[in-house]
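Worksheet for the structure shown next.
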Amino acid sequence: MSDATREEKAAALEALRTQAATCRKCELCEGRTNVVFGDGSPDARVLIVGEAPGKNEDLQGRPFVGAAGKYLDELLSIAGLAREDVFIANVLKCRPPGNRNPRPEEIKACADYLRGQTRVVSPEYIVTLGNFATKFILRTECGITRLRGRLQQAGRFKVFPVFHPAAAIYDQAKRPVLEDDFARLGELLA
Ligand code: URA
């Protein structure tokens, strides 16, 4: 929907959100409190793609509201961005129990929602956070450590893979790398 107005995009996203709200395509629906569809500007230049909701996101129904979200806000500001400027979504819309890794069948069941969000928002850049988002968007088996900070092309989208903010919370050595990558994103957008 690259030529659609902001209002048309907002309406298309709301229709997808309504559809996702009652989704029962995989077993994650049994344990969820909320479907975490995603939030942000319907005509954002940048789509941020995370992995899956955690405990706080499941409780609040919004993406990146916990510790990783707080750090993501800092990273966005390094790139000269605020949350309202971007659209934030996840590969999975429901929380895996105990925050385990997404399973292939869950990723497959959920794929149409992220594809729909990408088509509607029609961003210029997709920033993939960590392995699951990067592998999904780039259809690659290549890991994030090799791909991070290297601008890729996927169809008409520029894709910029970076470490997941949660990984940089656990492993402080990743912080300067991640922060440099967001500074580079800011340069790309300027
Ligand atoms: N981690 C993610 O990948 N997504 C969220 O929404 C929160 C934490």
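None of the figures in this text is laboratory data; all of them are computed from the coordinates on show. Here the structure is a predicted model, which means the values were calculated and not measured. So basically every Cβ, Gly included, is an ideal-geometry build from the backbone, and we count neighbours across all protein chains shown.
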For this session: Among the residues of region 54-64, write down those that are within 11 Å of the ligand (Cβ to nearest atom) and surrounded by fewer than 19 Cβ atoms within 10 Å (Cβ to Cβ).
Result: 55, 56, 60, 61, 62
Exercise. Got a number for residues in region 70-95 being surrounded by fewer than 21 Cβ atoms within 10 Å (Cβ to Cβ), closer than 21 Å to residue 170 by Cα and touching an Asp or Glu at 6+ places or on another chain (Cβ under 8 Å)?
Worked result: 1
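Filter region 38-53 for residues that are under 16 Å from residue 86 (Cα atoms) and buried (at least 24 other Cβ atoms within 10 Å of the Cβ); which is farthest from the ligand (Cβ to nearest atom)?
Only one residue tops the list, namely 46.
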Seminar exercise, completed: Subset of region 117-126, residues buried (at least 19 other Cβ atoms within 10 Å of the Cβ) and in a helix (DSSP H, G or I), comes to 117, 118, 120, 121
For this session: Being surrounded by fewer than 16 Cβ atoms within 10 Å (Cβ to Cβ), acidic (Asp, Glu) and closer than 19 Å to residue 81 by Cβ is the filter here, so list the residues in region 145-190 that pass it.
Result: 180, 187
Problem set entry | Filter pass, residue 28 being crowded, with 20+ Cβ neighbours inside 10 Å and under 28 Å from residue 156 (Cα atoms) | no
For this session: Could you run through region 124-181 and say how many residues are closer than 18 Å to residue 51 by Cβ and either within 16 Å of the ligand (Cβ to nearest atom) or within 15 Å of the chain's Cα centre (by Cα) (or both)?
Result: 30
Problem set entry | Some residue of region 97-111 being closer than 23 Å to residue 190 by Cα, free of Cβ contacts under 8 Å to residues at least 24 places away in the same chain, out of contact with any strand residue (DSSP E or B) (no Cβ under 7 Å at 6 or more places or on another chain) and within 14 Å of the ligand (Cβ to nearest atom) | no
